[in-house]
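Reading through the structure tokens given below for one structure.
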Amino acid sequence: TALITILCSCITLQAAAHNPGEYYLEGPRTFYGGVLAGANFSQVDGDSYAGYHKLGLNVGGIMYAHIAEHLAGSIEILFSQKGSRGHRAQESGNGSVISKYRIDLNYAEIPLQINYFDKRRSHFGGGLSYSQLVSSKEDIIAGGQPVNTDTLRFRKADLNLILGGNLHLIKGLFLNLRFQYSLIPIRTKENINLDYGRAEQYNNLFTLRLMYLF
């Protein structure tokens, strides 16, 4: 009886070792979730400044659904801060010197991705992200005077392409790097002062976060 029990245990362990679900789950589950916290490094393409100088929060939760041997879909609910920072003085389109330029955009965001997992639970994927603008603010000082931006509105919805990877550090903890770019303009020439930007503007950012899966 003892020998049969030992043999059954060995067979069970061997089967678990070859179960794809065990690559990224402590137990085979269809759904599993976690929390995320980190930072966005953002710029707005079309604002006459280059570089990811705007630092903002990226925090929220994530849920995975195991759909195939190495594949899982994911959905996130995030608070995400994007925008732009002028990092140096420069001349505007009307010849005045821009001494301050900043755009602050706060979004509620829902990314959807398909992810490929390896045997160490590290994974990478891509998808789309829908963002709803919660609040926005634009500050420009040119020629020593503030520029009136009250009528320059940003689009309420933003649709982004997202690509990223997650490196498994220790049990449950991952390091995430993501690139994200707007597929539609966040505003067009009707809402841009063309002395300080081009006719269309887009969110462009990298995100660095820690993720813990339960």
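The values are calculated or read from the model by the stated rules, or taken from the named source; none is laboratory data. Predicted model, so just to flag it, every value in this text is computed and none were measured. We place every Cβ from the backbone using ideal geometry, glycine too, and count neighbours over all the protein chains shown. The protein model used for the area step is the full one, side chains on, heavy atoms only, and it has no ligands, DNA or RNA in it. Shrake-Rupley method; radii C 1.70, N 1.55, O 1.52, S 1.80 Å.
Number of residues in region 181-214 that are touching a Leu at 6+ places or on another chain (Cβ under 8 Å), open to solvent by less than 90 Å² (accessible area, probe 1.4 Å) and outside any strand (DSSP E or B) equals 5.
Taking region 59-100 as the range and being among the basic types (Lys, Arg) and open to solvent by 50 Å² or more (accessible area, probe 1.4 Å) as the test, the residues that pass are Arg85, Arg88, Lys100. Just one of the listed residues (Lys100, Lys82, Lys137, Lys119) is basic (Lys, Arg) and within 16 Å of Ile162 (Cα to Cα), namely Lys82.
Would you check if Phe154 is of a type outside the set (Val, Ile, Thr), open to solvent by less than 90 Å² (accessible area, probe 1.4 Å) and assigned to a loop (DSSP other than H, G, I, E, B)? It is true that Phe154 is of a type outside the set (Val, Ile, Thr), open to solvent by less than 90 Å² (accessible area, probe 1.4 Å) and assigned to a loop (DSSP other than H, G, I, E, B).
Given the residues Ser131, Ser99, which is the only one that is in contact (Cβ under 8 Å) with a residue 24 or more places away in the chain, in contact with an Asp or Glu (Cβ under 8 Å, 6 or more places away or on another chain), of a type outside the set (D, E, K, R) and part of a strand (DSSP E or B)? Step through it out loud before you land on a result.
On the way: Ser99 fails: in contact with an Asp or Glu (Cβ under 8 Å, 6 or more places away or on another chain).
Only one candidate passes the filter, namely Ser131.
Here is the figure for region 30-84: residues that are part of a loop (DSSP other than H, G, I, E, B) and touching a His at 6+ places or on another chain (Cβ under 8 Å) total 4.
The set of residues in region 27-79 being within 19 Å of the chain's Cα centre (by Cα), hydroxyl-bearing (Ser, Thr, Tyr) and closer than 19 Å to Asn115 by Cβ consists of Tyr64, Ser74. Hey, among the residues in region 117-128 that are part of a strand (DSSP E or B) and open to solvent by less than 40 Å² (accessible area, probe 1.4 Å), which one's nearest to Asp158 (Cα to Cα)? Looking at the filtered set, the residue picked out is Gly127. Out of all the residues in region 164-175, is one or more open to solvent by 80 Å² or more (accessible area, probe 1.4 Å) and under 30 Å from Arg88 (Cα atoms)? No - not one qualifying residue is present in region 164-175.
Going by the structure shown, is Arg178 open to solvent by 10 Å² or more (accessible area, probe 1.4 Å) and touching a Gly at 6+ places or on another chain (Cβ under 6 Å)? Spelling it out, it is not the case that Arg178 is open to solvent by 10 Å² or more (accessible area, probe 1.4 Å) and touching a Gly at 6+ places or on another chain (Cβ under 6 Å).
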